[in-house]
1. Which one of 16, 43, 67 is surrounded by fewer than 17 Cβ atoms within 10 Å (Cβ to Cβ) and either modelled with pLDDT under 95 or of a type in the set (Gly, Ala, Ser) (or both)?
2. Considering each of 24, 55 in turn, give the residue that is surrounded by 17 or more Cβ atoms within 10 Å (Cβ to Cβ) and touching a residue at least 12 places away in the same chain (Cβ under 8 Å).
3. For region 30-50, which residues satisfy the criterion of being touching a Ser or Thr at 6+ places or on another chain (Cβ under 6 Å) and more than 11 Å from residue 13 (Cα to Cα)?
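The values are calculated or read from the model by the stated rules, or taken from the named source; none is laboratory data. No experiment lies behind these values; they were computed from the predicted model shown. Note: ideal-geometry Cβ built from the backbone for every residue, glycine included; neighbour counts use all protein chains shown.
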Amino acid sequence: MMVINGMINPVFKPGSSNVNIRNGVGVTKEGTVIFAVSRGLVSFYEMAEYFLQAGCVNALFLDGGISGYYFMGREIINDGYFGPIIAIIM
């Protein structure tokens, strides 16, 4: 967990050198789900800060270096590998 009840997980420290491409999912108090993939190297703390700024009260780290995404009709962002896959089909 990156964000727990509106607080950054206390094991994450500002200025950490543990950086990677990261992705995660968060949920706001209204129940809106937010998925995010970093475009550059970020620490867990920085990723958690993003979710807090986006209004998330809870956020979960999903995957690291093989992070990627695909939106139908748009560019695929990844290195050719996908780990867990989450699909929204309408």
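1. 16
2. Unique residue meeting the criteria: 24.
3. 37
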